[in-house]
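**Q** Below you will find the structure I want to go over with you.
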Amino acid sequence: MSGQGTLISDVENKPLYIAETAQDITERKTAEKLGLKIFQVEEAVDGMFTVLREMMSGDESNIRIEVRNIGAFEIKPTKAKPRARNPYTNEEIFVPARRKTHFKPGKLIRKVLKQPLK
């Protein structure tokens, strides 16, 4: 693994974003930061992502998972939309109630994101 994530680009090869996988986070970030071997960190990182996934996919309709200095993950219910329209066919359709995810960045991340691009 190169440790650089996966570069996702459009037709003109302009970078849109870099996709980081759990393996990238384990290998490049956490193991290097802690000065540990990958196999020592891998189980803890995988466990954390598993717990987050299980909590967010649980039966509760409202859930908030706050990770200090990172942000908050929220699951919120949406209302049913009995008279939504298909924009392509203009056909009226029913959209059932569901749950949606939302991420609100913490103070440190918001501060970095507010800085102008170089």
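The values are calculated or read from the model by the stated rules, or taken from the named source; none is laboratory data. Everything numeric in this text was worked out from a predicted model, so none of it was measured. Cβ sites come from the backbone with ideal geometry, for glycine too, and all protein chains shown count toward neighbours.
**Q** Please determine, by comparing only the residues of the range 35-82 that are among the acidic types (Asp, Glu) and within 24 Å of Leu108 (Cβ to Cβ), which one is farthest from the chain's Cα centre (by Cα).
**A** Of everything passing the filter in the range 35-82, Glu66 is farthest from the chain's Cα centre (by Cα).
**Q** If you go through the range 30-52 one residue at a time, do you hit one that is surrounded by fewer than 11 Cβ atoms within 10 Å (Cβ to Cβ) and at pLDDT 90 or above?
**A** For the range 30-52, residues surrounded by fewer than 11 Cβ atoms within 10 Å (Cβ to Cβ) and at pLDDT 90 or above: absent.
**Q** Among Val95, Val112, which is closer than 19 Å to Lys29 by Cβ and either without any contact (Cβ under 8 Å) to a residue 60 or more places away in the chain or surrounded by 12 or more Cβ atoms within 10 Å (Cβ to Cβ) (or both)?
**A** One residue alone meets the criteria, Val112.
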